[in-house]
Amino acid sequence: MKKIIVLFSGEGSNLANIIKHIHNQHANIVCTITNNPNAGGISIATNANIPVLICDNTLYANREEYDTVLVQLIQKHSPDLVVLAGFMRILTPIFTNSVRSINLHPSLLPAFKGSKAIERSFQSDETVCGVTVHWVNDELDGGDIILQKSFTKDLNDTLEEFSAKIRQLEYEILPQSIIHLLT
Ligand code: GRF
């Protein structure tokens, strides 16, 4: 079976979704890695008996040093694909030149690259919003697009309702992209 590694920084709901729809069916999650020792996703992986490596970015002097260690951890497992599911780090060429990875972003790229994409697209005049899975390269949220899904913004929605729609689409396109790329 193909091997994947999932990187995350926060709550880990996309990690949970990948465990449910991909793990042991379409690919094995051989390990997960987080930069955040307090990430909610740690218990999600542990409960599924998937190893979690905590690689705390605050212990490294700069992005290059951090990415060097991250690449070493990843290469030990020779994964077929690395999945960034809410991994909130800007990656240097040290990472992007040696790791084949995809990223999930909560906007219809190229609109709203970077942080707070959900809030910014909610507040914008855009009527069509959505989510993107793309290849990771050295331009932040700038790699080739693999899959996108969109919806028409309901102007009566609160930010919470809008976010829930984004989340729902994320749960669809990330597993679909992984299956598409691995088969
Ligand atoms: C997602 O909205 C993802 O698009 C963004 O960070 C969030 C991660 O959420 N980059 P979770 O940790 O998977 O719940």
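The table that follows gives values for the structure above.
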read-out	value
Cβ pairs under 9 Å, 6+ apart, first in segment 142-163 and within 15 Å of A117 (Cα to Cα) and touching a residue at least 12 places away in the same chain (Cβ under 8 Å), second open to solvent by 90 Å² or more (accessible area, probe 1.4 Å) and not in a loop (DSSP other than H, G, I, E, B)	L159/Q123
Identity of the residue in segment 22-54, more than 16 Å from the chain's Cα centre (by Cα) and within 14 Å of the ligand (Cβ to nearest atom), that ends up least open to solvent (accessible area, probe 1.4 Å)	S43
Flag for D138 being at pLDDT 95 or above, open to solvent by 20 Å² or more (accessible area, probe 1.4 Å) and part of a loop (DSSP other than H, G, I, E, B)	no
Hits in segment 1-15 (condition: outside any loop (DSSP other than H, G, I, E, B), of a type outside the set (D, E, K, R) and surrounded by fewer than 19 Cβ atoms within 10 Å (Cβ to Cβ))	S13
Counted residues, segment 141-183 - those being of a type in the set (K, R) and not in a helix (DSSP H, G or I)	2
Subset of segment 71-96 (residues that are more than 16 Å from the ligand (Cβ to nearest atom), in contact (Cβ under 8 Å) with a residue 60 or more places away in the chain and at negative phi)	I74, H77, P79, D80, L81
Every residue from segment 56-70 that is in a helix (DSSP H, G or I) and of a type in the set (A, V, I, L, M)	L59, V69, L70
Residues within segment 20-43 that are touching a Gly at 6+ places or on another chain (Cβ under 9 Å) and assigned to a helix (DSSP H, G or I), tallied	3
Count of segment 1-21 residues which are in contact with a strand residue (DSSP E or B) (Cβ under 7 Å, 6 or more places away or on another chain) and either of a type outside the set (D, E, K, R) or within 12 Å of the ligand (Cβ to nearest atom) (or both)	11
Among (1) buried (at least 16 other Cβ atoms within 10 Å of the Cβ); (2) assigned to a helix (DSSP H, G or I) - the single one V99 does not satisfy	(2)
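The values are calculated or read from the model by the stated rules, or taken from the named source; none is laboratory data. Here the structure is a predicted model, which is why all the values come from computation and not from measurement. FYI the Cβ positions are ideal-geometry reconstructions off the backbone, even for glycines, and counts take in every protein chain you see. For the accessible areas, the whole protein counts, side chains as well, though only heavy atoms, and no ligand, DNA or RNA atoms are used. Shrake-Rupley method; radii C 1.70, N 1.55, O 1.52, S 1.80 Å.
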